[in-house]
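Notes to accompany the following structure.
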Amino acid sequence: MDKFLLAPSIIASDFTLLADEIAACESAGADWLHVDVMDGHFVPTITVGPLFVEACKRATKLPLDVHLMISDPDQYVEVFAKAGANNITVHVETCPNLLQTIEKISSLGCKAGVTLNPLTPASALDAALPLVDLVLVMSVNPGYSGQAFMPEMIGKVEEVRNKLNALRSKAWLEVDGGITVETLPLMHKAGANVFVAGNAAFKHPQGVAAGVRALRESVV
Ligand code: DX5
Ligand code: ZN
C-alpha cells in the first residue's frame, strides 16, 4: 500500500479542549494538522488567523498545514509563516501573480501549496505545478466542515495525478472536503496521498483518536 498522510482539520475540533484534541490526533498517528483560515470574504465563513496558528504551534510538533481561504493571501503569507505554518496553501482564484506567491512562500521557508475550488478546472494549475510542494484538490466548496463529498472530484484528482507524474513531480496531492472511511479509499485510488478530515476525525462517536485510526485503516 502506498504511504499516505492524514491531516485532521482542527476547525472541526472543540476549541475549549484545543491542546487535548491536538495531542489525541498526534498520539493516534496523524501526520499533519490542517488549519483552515477563512476571511468571510473569499468564503462566507470567518474562522481563525495567525494567533490561532501560533497557539497550535505551541501545542504540537506536527507540521501545520495552513489552508488560506482568504482574498489577498500575498498580504498575509509572511505573518502565517512567522506564526509557525509549515505548509501554506493558496487558492489560484485569489492569486493574480500565482508564481510570485509560490516563490514568496518558498522563500519564507515553507512548503508551497496551491488549491482550486471545485468549479475551477485543473488546467488553472498548469503553470504552477513544476514549482509547488503540494497540490490540494477541494472535494467540497470551501467554507464549512461537514459538507457532502463531491464524487465529480475523483476525476480531477486523477487528472492532477497524471499531470504530476508527467512532470515526475514528488509534490503531495492532498484532498479536502467530505473525506470519510468511504471516500478516502476512492481518492487514494485516484492518486491522492494526503487526506484532510474534519468531521470524520473530530466528530467520530468514540473521539478523535478513533476517527484518525479508522481513516488510517480504511485503505486495505
Ligand atoms: C472546507 C475546509 C475543510 C473542512 C473539512 O472549506 O477547507 O478543511 O474543514 O471538513 P470535513 O472533512 O468535515 O469536510
Ligand atoms: Zn481545508
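The values are calculated or read from the model by the stated rules, or taken from the named source; none is laboratory data. Quantities reported herein were computed from a predicted structural model and do not represent experimental measurements. For neighbour counting, all protein chains shown are included, and Cβ atoms are generated from backbone atoms with ideal geometry for every residue, glycine included.
Within region 200-210, which residues are surrounded by fewer than 18 Cβ atoms within 10 Å (Cβ to Cβ) and among the aliphatic types (A, V, I, L, M)?
A210
I need the full set of residues from region 195-215 which are away from ligand 2 (no atom under 12 Å from the Cβ) and β-branched (V, I, T), in order please.
Residues satisfying the conditions are V208, V212.
Restricting attention to region 56-86, and to residues there that are closer than 18 Å to P142 by Cβ and out of contact with any helix residue (DSSP H, G or I) (no Cβ under 9 Å at 6 or more places or on another chain), which single residue is farthest from ligand 1 (Cβ to nearest atom)?
The selected residue is D65.
With touching a Leu at 6+ places or on another chain (Cβ under 7 Å) and charged (D, E, K, R) as the only criterion, which of K111, K82, K61, K104 stands out?
K111
Confirm whether E158 is modelled with pLDDT of 95 or more, within 18 Å of the chain's Cα centre (by Cα) and assigned to a strand (DSSP E or B).
no
Looking only at residues in region 1-53 that are polar (S, T, N, Q) and more than 16 Å from ligand 1 (Cβ to nearest atom), which one is nearest to the chain's Cα centre (by Cα)?
Looking at the filtered set, the residue picked out is S27.
Of these, P118, P130, P151, P96, which one is surrounded by fewer than 16 Cβ atoms within 10 Å (Cβ to Cβ) and either part of a helix (DSSP H, G or I) or at pLDDT below 95 (or both)?
P130
Quickly run through region 113-160 and pick out the residues that are small (G, A, S) and more than 16 Å from ligand 2 (Cβ to nearest atom).
Selection gives A122, S123, A124, A127, A128, G155.
Return the residues of region 154-199 that are basic (K, R), over 19 Å from M69 (Cβ atoms) and surrounded by 14 or more Cβ atoms within 10 Å (Cβ to Cβ); say none if nothing qualifies.
R161, K163
Report, by residue number, each residue of region 139-155 that is farther than 20 Å from K203 by Cβ and either within 16 Å of the chain's Cα centre (by Cα) or among the hydrophobic types (A, V, I, L, M, F, W, C) (or both).
M153, I154
Against the definition (part of a strand (DSSP E or B), within 10 Å of ligand 1 (Cβ to nearest atom) and buried (at least 20 other Cβ atoms within 10 Å of the Cβ)), how does L136 come out, yes or no?
yes
Looking at (1) farther than 19 Å from P118 by Cβ; (2) among the β-branched types (V, I, T); (3) assigned to a loop (DSSP other than H, G, I, E, B), can you tell me which one I179 breaks?
Answer for I179: the failing condition is (1).
Filter region 77-93 for residues that are within 19 Å of C56 (Cβ to Cβ) and either surrounded by fewer than 20 Cβ atoms within 10 Å (Cβ to Cβ) or of a type in the set (D, E) (or both) and give the result.
Selection gives E78, V79, K82, G84, N86.
Could you give me the residue pairs with C-beta distances under 7 Å whose first residue belongs to region 142-169 and is among the charged types (D, E, K, R), whose second residue is at pLDDT 95 or above and not in a helix (DSSP H, G or I) wherever it lies, and which are 6+ apart or on separate chains?
Filtered contacts from region 142-169: K156/V137; E158/G191; R161/L173; R161/G191.
When E174 is evaluated against the numbered criteria (1) assigned to a strand (DSSP E or B); (2) more than 11 Å from ligand 1 (Cβ to nearest atom), which criterion, by number, is the only one it fails?
(2)
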